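Read the structure below first, then the notes.
Values in this text are rule-based calculations from the coordinates and carry no lab data. Since the model is a prediction, treat every value here as computed from it, not as a measurement. Here the Cβ positions follow ideal geometry from the backbone for every residue, glycine too, while neighbour counts run over all protein chains shown.
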Amino acid sequence: MPLISGEDYEAQYRPNSHVFLMLIDGRWAAWRETWRDTDESPHKGKSVSQKVITEREISFEAALKKASRYLTYVSRR
């Protein structure tokens, strides 16, 4: 799902876990991030885990391919 069409994309694969693709300085990066609610702010998540899938890939297609492989991997676990 595009957050900003052509620049930022996100896919949710668990209630608190998402994969992001983002255009940074003309190159694409992909990462996974997981949040948890905190006692102080039960409806505002706090990032508790991040995993870089790919950094600064030249093309959208290369970053998307790696992100898709990651989503396939976590969906099989």
Problem set entry | Net charge of Cβ neighbours under 14 Å - reference ILE24; Lys, Arg +1; Asp, Glu -1 | -3
For this session: Compute the long axis of helix 60-76 from its Cα atoms, compare it with the longest principal axis of the Cα atoms of the chain, and write down the angle in degrees, 0 to 90, nearest 10.
Result: 40
For this session: If a/c stays under 1.5 just call it rounded; otherwise compare a/b with b/c (prolate if a/b is bigger, oblate if not). Do that for the chain, with a ≥ b ≥ c from the square roots of the Cα gyration tensor eigenvalues.
Result: prolate
